[in-house]
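Working notes, structure below.
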Amino acid sequence: MRNMLCCCVNSENNKKYAELDAKLARKMVESRSIYPGHRSLKSMDSIIMKFPKLREGLRNIRSVFESYDNDTNGTIDIEELKKCLEELKLSLSDEEVKGLYSWCDVDGSKGIQFNEFIVLLCLIYLLAKPSSESSTESREMGPKLVESIFDPIVEVFLFLDKDGKGKLNKADVIKTLNNEDYPLERSPSHVTNMRFEEMDWGRKGKVGFREFLFAFMSWVGLDDADDDFMSS
């Protein structure tokens, strides 16, 4: 009976996650006309050039994360997250909050770590925009900071999503990063394969935005940024 119950719960969770993934894929398709910056990207080098500015933004978000980590245990629990979202004046139901929380708690630790917090904020930014009457100017993080970090990341995803279907295809990603029009900026094939494998958790040859975002954070140097925060 217990195994059957776990199976049903997992099946229900998988269904919810699939629905969120599908919703996010649709958002990526819609975003192609909203984020024209993806057309200016030409190669991996043009993506790497964005990393320093993104690291700077991550340092600012780190202070926001720590301000909501009331028990200073390095994670944000569901109650701390609700307070964060309430102060940011984000209109989400309890069910939506729990869904996003579970979706981003990749290691099942029952707490959102900093890299998961970044992903969570990006998903909220894309899927649950604040109400129009709210300025969302809360603590150190305002809309300009959020846009300066997440808009370029969305543009990188759109640049890699050549068929515009809201999912990254391995063949397209490898072809894009090995663009013959920019021979001096081409990535070696073993590097592009490794980059895609870092994103493709399920080894399905297709990558959604959430998987991409976790991998992209490591490419930017989120761990290096963490070291900077710890030493400052």
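Here, each number is a calculation from the coordinates, and none is a lab measurement. Small disclaimer: the values here were computed from a predicted structure and weren't measured. Cβ coordinates were reconstructed from backbone atoms using ideal geometry, including for glycine residues, and neighbour counts include every protein chain displayed.
Points to keep in mind about this one:
- Cα-projected label distance for K162 with D71, points at 7 Å along beta-carbon direction, nm: 4.9 nm
- Among the GluC sites (Glu not before Pro) in the range 10-76, none is located in a DSSP loop while being surrounded by at most 12 other Cβ atoms within 10 Å of its own Cβ.
- Label positions at E30 and K98, each projected 7 Å from the Cα along the C-beta direction, are separated by 2.6 nm.
- D172 paired with E197, simple spin-label distance in nm, labels 7 Å along Cα-to-beta-carbon: 2.3 nm
- Additional length obtainable on full extension of the chain from L127 to F51, 0.36 nm per residue less Cα span: 25.0 nm
- Using a cut-off of 20 Å between Cα atoms, the listed pairs K42/K170; K110/K167; K53/K110; K165/K204; K23/K50 include K110/K167; K53/K110; K23/K50 as exceeding that distance.
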